[in-house]
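Since the structure comes first, as structure tokens, the remarks are kept for the end.
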Amino acid sequence: MNKQKWIDYALSKGFDSFEIYQNDLEEKNVTYYEREMESYVKSHVLGTALRGLYRGKMTSISTEDASDANMEKLIGTMIEQAEATTSADSGIILEPMTTEEVAKENRFVRPDAASIDKTFKEIEDKFHAYDERVFQVTDLFYTEQASSREISNSRDMHVRDASQAQAIIAGVAVKEGDEIKNSFNVELLYDIRDFDTDAFVKKAADKALNKLHASSIPSGTYPVIIEKDAMTSLFTAFSGIFSGDLIGKGISPLKDKLNEKIFADNVSIIDDPKNTDALVICNYDDEGYPTSKKTLVDHGTFQTMLHSTSSAMRMQMESTGNGFKQGYDSPVGVRPHNCYIVPGAKSFDELLEEMKEGLVIEGFQGLHAGINLASTDFSLQCSGYCVRDGKRDKSVTLITAAGNFLELMKNVRDIGGDLEWKTQPIACPSILFEGIAISGE
Amino acid sequence: MLEKKKLEQYLSRCMDSHADFAEIYEEKELSETINMLNGSVENIFTKNTFGVGIRLYKGLQAVYGYANETDEKTLTDLIDDLRDALGKEEKGSDVALQRVEYENRHPVKIRFDEVSLADKASLLQRANDAAKAVDERIVKVDGTLLNVRQEVQISNSEGRLISDTRVRTRMMVTAYSQEGNSFQSGKDSPGGGMGLEFYETVRPEEIGKEAARVALVNLVAKDCPSGKMPVVIDSGFGGVIFHEACGHALEATSVAKNQSVFSGKFGQKIASDVVSAVDDGTIPNAWGSQNIDDEGNFQKKRVLIKDGILTSYMVDRLNGRRMNTESTSSSRRQSYMYEPTSRMSNTFICEGTSEFEELFEGIEKGLYAAKMGGGSVNPQTGEFNFAVLEGYMIENGKITYPVRGASLIGKGNEILFDIEKVGKTVKRGQGMCGSMSGSIPTDVGQPPIKVRSIIVGGTANE
């Protein structure tokens, strides 16, 4: 792709400004089953997205065939799209902007095939040796990715960055009598020579074994600790409420709530794309706008909403550098990046001690379906365990937790200090809530 | 798409290895999304997908590679990488392909790419206007029109060369209602495996009105009670109960490795006598239909359960090897970026004999789930969940008041025995199903059914 040729052609066709966004992704995945390599997947995909301002309308398109032969057709389609768009909130193609750039050290060392083979066989053997109730290692998966992002536009912007990651995922099933339970464990793999297979196996196996003998509990309202991973998944599902795009369109419950108290005093939320504790940092968003650290909620008060250039234009505000795509083949939306609920001081065990009697939720299922972002109502299948006298008691399954997320976050009794960044751009510590409606027997 | 000669050359190269089977999947897809908010066209996005996936088998081992550059060097390098993973062997393989021709079962009358964007946006406008006209409490209407045209060509080392063009359209409308501090939503999102002629039978006005109707019901709905109770689940998308509670656990992906609650249950009773169910990928122009599956086999109708007895799993080629059985033409994938595996197509519970009113008889206190949302399942434990988008309480055999914020949970292998009554009229609803090989269009469906007892997750504890 001759980028300058595409930009010149677009400008000659009447575009005010034009952008070329490319994502180059190389991936390798290996799975093992019963000590043998089961599958090996290797890929290289270059994705291109084009965006341009045509007669005051922003128009965009993506392609996986950006050969120059396609140039006229694709840009022609973009013009048709712009002509059919009626919204005036276009966003802008930016001039180069500077920021104090942060670098994150790349600690990932690529393992060779032999060390993956050795590690996977070791993990499988250790799972079976760990407990006689382990009856199947259902999944052993290694994945590595190297991706780079490049944004060039007719206003002389050239932004390029790259990231790399690799991880090991294991699934294990345990059985006692007719009862079967399973669990998964995902760990980033920095250097396979330092990978602690014992700790990895113990974490996944214990998680599955602890689910055995689980039963439902009577319906009622219980004090609940939502454990950090479950809290992260719940918060992620509702993170859209901070989107300036949805707020501007009037379909976020936080419309007209800026500077109002929305959560409990002890809740603060920060979005910081340059946070080097997280897996992937971004100095610029997918529009090339510099990112920055923002306090979305300060001690319960809604202080900042997130914006791209387009959503900011609708509300006559400034972008916050949160114009991110879901992939190169999607339009720019508004998304948090490295967003977290500020942790408290207590350890998880201290939270248990504080709650004394209640329930710990370790995981939610069906988050894609069981929430309503407009009302923030939720009703979700979950699992976990009961707490008696501040200690873990029987495991619980086949229950639901239901309520309203805005109301829930007003009922935070305490926040744990166990925040941990994993593979996602959102993280939460464990949180103790006064009460959540639980449905069971 | 690659020419036959090139494909033969690449497949022969693949087979010069320890592989016993090789396949090349080529894909070109045009996907167009038009979004309208309150009558204003907010965004139009066109996505052009293009790439090739190459797969080699050696017994139960599979190696897969994909790329979106199809020049000789890229593909040869990719094949050599895959051969290295299995082991090279210069056998002088010579694959000869024979193109398979067939009659298209899913004809398209109005191609979306031949209709102007303004005309397509006017379909959304009709839905928007109809939703707004229902009631002044409908404050926002968000509509999206999705049109997809996917062309695939599949060739393999057994000499098969076959192509398919899959076209689908869907209109997704969400209406938002407001009264005082209560802000609710309702949605409707029908679709079909056809062109824009779909909207001649499913009119945009009806889609808009239906979304608005549900949004208004939820505005006055009370909190849903919790606990175990009888539930009547209506037809159409209500079939998500079978999709989640049973369908996924009948896919060879989990069955083949003994990771399903239904592994080893072929020929056994897994549901009550009133339950028969099929997965039918051949229904003309249905949302989940195809002429061929993603391994190039002609789609089929699979009778999964007959009068409560398990009669078929859904099997792809690789898992078929593990299970010592033939593929049931159930192999599907989102795109060339995914290895295909066994998936559902149009899956539904078949018609029964009960009248609609009979389903409510004898229920002292229960839930009528009129409209369902999505859900998920753990095939190994059978535990599933799904959301109720429009619900009503049943008291003394009568539908009384609307409730909101409910979900239903249970265990698939138990719930199938708890289906007591099955109604007469099957309707299907459209959804996107996510699993190992990506997100694919599938229909769910059923007549209205009565489930003896299921855990209802609500907020109103009594």
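Read-outs: derived from the displayed coordinates by stated rules, not from any lab. Being a predicted model, the structure only gives us computed values, none of them experimental. Using ideal geometry, Cβ is built from the backbone for each residue, glycine included, and neighbour counts are taken over all protein chains shown.
Brief remarks on what is shown
- Residue by residue, the range B:197-207 carries 3J(HN,Hα) couplings of 4, 3, 7, 7, 9, 9, 6, x, 4, 5, 5 Hz when phi is fed to the Karplus relation 6.51 cos²θ - 1.76 cosθ + 1.60 (θ = phi - 60°); x denotes Gly or Pro.
- Dividing the radius of gyration of the alpha carbons in the range B:216-308 by their Kirkwood radius gives 1.06 for Rg/Rh.
- Computing FRET efficiency as 1/(1 + (r/R0)^6) for A:R35 and B:E136, where r is the C-beta to C-beta distance and R0 is 60 Å, gives about 0.35.
- Partner shielding of B:449-457 amounts to 3, given as the average count of beta-carbon atoms from other chains within 10 Å of each residue beta-carbon.
- Of all DSSP-defined beta bridges confined to the protein assembly as shown, some 90% are antiparallel rather than parallel.
- Residue-averaged [θ]222 nm for chain B, counting only DSSP H segments that reach four residues, each worth -39500 (n - 2.57): -5000 deg cm²/dmol
- Applying 1/(1 + (r/R0)^6) with r as the Cβ-Cβ distance of B:T165 and B:E326 and R0 = 35 angstrom yields a FRET efficiency of 0.85.
- Cα-Cα over 21 Å, subset of A:K5/B:K73; A:K57/B:K132; B:K109/B:K427; A:K175/A:K211; B:K300/B:K424: A:K5/B:K73; A:K57/B:K132; B:K109/B:K427; B:K300/B:K424
- A simple charge model with +1 on the Cβ of Lys and Arg, -1 on the Cβ of Asp and Glu and nothing else charged puts the dipole of the range B:227-457 at about 400 debye relative to its Cα centre.
- Of the GluC sites (Glu not before Pro) in the range A:1-110, the ones in a loop by DSSP (not H, G, I, E or B) with at most 16 other beta carbons within 10 Å are A:E34, A:E100, A:E101, A:E105.
- Dipole-positive endmost among B:G320, B:A277, B:N128 within chain B (Cβ charges, Cα centre): B:A277
- Average beta-carbon neighbours from other chains, 10 Å sphere, peptide B:31-43: 4
- Length available on full extension from A:K13 to A:A162: 0.36 nm per residue minus the Cα-Cα distance, which gives 50.4 nm.
- Using alpha-carbon coordinates, inclination of helix A:71-84 to the longest axis of chain A, degrees: 80
- For the protein assembly as shown, the orientation-averaged shadow of the C-alpha convex hull comes to 34.5 nm² (one quarter of the hull surface).
- Out-of-range pairs (alpha-carbon distance over 27 Å; input A:K391/B:K365; B:K140/B:K222; A:K228/B:K47; A:K203/A:K346): A:K391/B:K365; A:K228/B:K47
- Straight-distance crosslink candidates among aspartates and glutamates, where the alpha carbon sits under 12 Å from B:K120 and sequence neighbours closer than 8 are dropped: B:E32, B:E197
- Alpha-carbon centroid distance for the pair the range A:246-308 / the range B:261-306, whole angstrom: 46
- Cross-link table B:K269/B:K450; A:K28/B:K257; B:K28/B:K265, entries beyond 28 Å C-alpha to C-alpha: B:K28/B:K265
- Projecting the Cα atoms of B:A211, B:F356, B:V303 onto the charge dipole of chain B, computed from C-beta unit charges around the Cα centre, puts B:F356 farthest toward the positive end.
- Highest-first arrangement of A:248-258, A:269-279, where packing means the average Cβ count within 10 Å: A:269-279, A:248-258
- Three principal axis extents describe the C-alpha atoms of the range A:169-279; from largest down they are 55, 46, 27 Å.
- Prolate/oblate/rounded call for chain A, Cα gyration tensor, a/c under 1.5 rounded: oblate
- Shape call, chain B: gyration tensor on alpha carbons, a/c limit 1.5: oblate
- Shielding by other protein chains, B:384-390, mean Cβ within 10 Å: 5
- Pair B:R111, B:T74: separation of 7 Å Cα→Cβ label points (nm): 2.5
- For the range B:36-123, trypsin sites (Lys or Arg not before Pro) are listed when DSSP marks them as loop and at most 13 other Cβ atoms sit within 10 Å of their Cβ; the list is B:K91, B:K109, B:R111.
- For peptides B:418-424, A:228-234, sequence by mean Cβ density within 10 Å, most packed first: A:228-234, B:418-424
- If you plug the beta carbon distance of B:R452 and A:K255 into 1/(1 + (r/R0)^6) with R0 = 35 Å, you get a FRET efficiency near 0.20.
- Cβ-placed point charges (K, R +1; D, E -1), dipole of the range A:3-84 about Cα centre in debye, nearest 20: 340
- DSSP-loop trypsin sites (Lys or Arg not before Pro) across the range A:279-340, with at most 15 other Cβ within 10 angstrom: A:K293
- Placing unit charges on the Cβ atoms of the charged side chains and taking the dipole of the protein assembly as shown about its Cα centre, the candidate lying farthest along the positive direction among A:V186, A:Q381, A:A264 is A:Q381.
- A simple charge model with +1 on the Cβ of Lys and Arg, -1 on the Cβ of Asp and Glu and nothing else charged puts the dipole of chain A at about 700 debye relative to its Cα centre.
- 18 Å Cα-Cα reach of B:K4 towards aspartates and glutamates, excluding residues that sit fewer than 8 places from it in its own chain: B:E23, B:E26, B:E27, B:E69, B:D71, B:E72, B:D94, B:E101, B:E151, B:E158, B:D164, B:E295
- Under the simplified labelling scheme, the A:D277-B:E358 pair shows an inter-label distance of 6.2 nm, with each label point 7 Å from Cα along Cα→Cβ.
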